Amino acid sequence: MSMIHEITPGSLRNKLRKRKGRGESSGHGKTSGRGNKGSKARVGTYIKRGYEGGQTPIFRRFPKRGFSNYDFARRFSIVNLGDLNYFEDGALVDAAALREVGLLPNDSLPVKVLGEGELTKKLTIQVSWYSKSAHSKIAAAGGTAQNLKGEAFEFPKPKKKFIPREPVKKKVAAEEPTEAKPAAEAKPAAEAKSAEEPKA
């Protein structure tokens with residue numbers, strides 16, 4: 001067994017962090033490990049990911065392709081059911097009340113109540129959406145879950161699953177052979193047709 005080739009590469013690297021910017025007497029020279037002048041040599045510099053020194057970064061040089069549902073996602077401000085115990089019995093809990101007590105950062109998004117925690121108060125909650133567990137816990141505590149119109153909240157009915165129909169195979173009837181009409185019968189019929197047409 002070789003200590004250099006087998007043990008040392010598998011061990012962890014215990015490398016001390018270099019203290020930069022401690023002057024020439026620190027043993028790291030005038031620039032103290034920071035290189036020459038530039039943005040990386042300054043204190044408190046933040047270089048964002050993908051920055052390429054001012055030229056157009058690669059994520060802007062490439063065209064966009066495909067479709068994303070990100071812009072169409074439904075987004076909510078989340079409130080857990082256990083946080084609603086702050087209110088007193090019989091209180092009306094809506095977005096304005098939640099904003100007043102500090103449970104909502106702003107009113108820009110609709111509110112959804114999740115079922116995390118236990119509700120011990122009998123509340124009338126009036127928000128945009130509920131999880132199924134939160135809805136059942138509110139009812140079990142004697143409260144009511146309402147939508148923004150003040151009506152009893154109801155979950156939408158599940159959509160019917162589309163089942164494609166099986167293609168119907170058409171039965172091809174056996175065609176009966178038709179005998180060709182004799183030329184003598186076809187000629188009088190053509191003459192009668194031409195006689196009926198008005199002359200221009």
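The values are calculated or read from the model by the stated rules, or taken from the named source; none is laboratory data. It should be emphasised that the depicted structure is a prediction, and the values quoted were computed from it without experimental measurement. Cβ atoms come from the backbone with ideal geometry, glycine included; neighbour counts cover every protein chain shown. Each accessible area value is taken on the protein alone, full model and side chains, heavy atoms only, with ligands, DNA and RNA left out. Shrake-Rupley method; radii C 1.70, N 1.55, O 1.52, S 1.80 Å.
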Taking only pairs six or more apart or across chains, which ones have beta-carbon atoms under 6 Å, a first residue in the stretch 25-41 that is part of a helix (DSSP H, G or I), and a second residue that is open to solvent by 40 Å² or more (accessible area, probe 1.4 Å) and among the polar types (S, T, N, Q)?
Ser39/Thr45
The lone condition Leu84 fails out of (1) within 26 Å of the chain's Cα centre (by Cα); (2) open to solvent by less than 40 Å² (accessible area, probe 1.4 Å) is (1)
Take Phe59 and decide whether it is assigned to a helix (DSSP H, G or I), open to solvent by 90 Å² or more (accessible area, probe 1.4 Å) and farther than 30 Å from Gly117 by Cα.
yes
Take the residues in the stretch 141-194 that are within 30 Å of Leu84 (Cβ to Cβ) and among the basic types (Lys, Arg); name whichever of them is modelled with the highest pLDDT.
Lys149
Limited to the stretch 86-123, what total is found for residues that are within 12 Å of Ile138 (Cβ to Cβ) and either among the polar types (S, T, N, Q) or not in a loop (DSSP other than H, G, I, E, B) (or both)?
4
Residues in the stretch 112-138 that are crowded, with 17+ Cβ neighbours inside 10 Å, within 25 Å of the chain's Cα centre (by Cα) and under 11 Å from Asp83 (Cα atoms) total 3
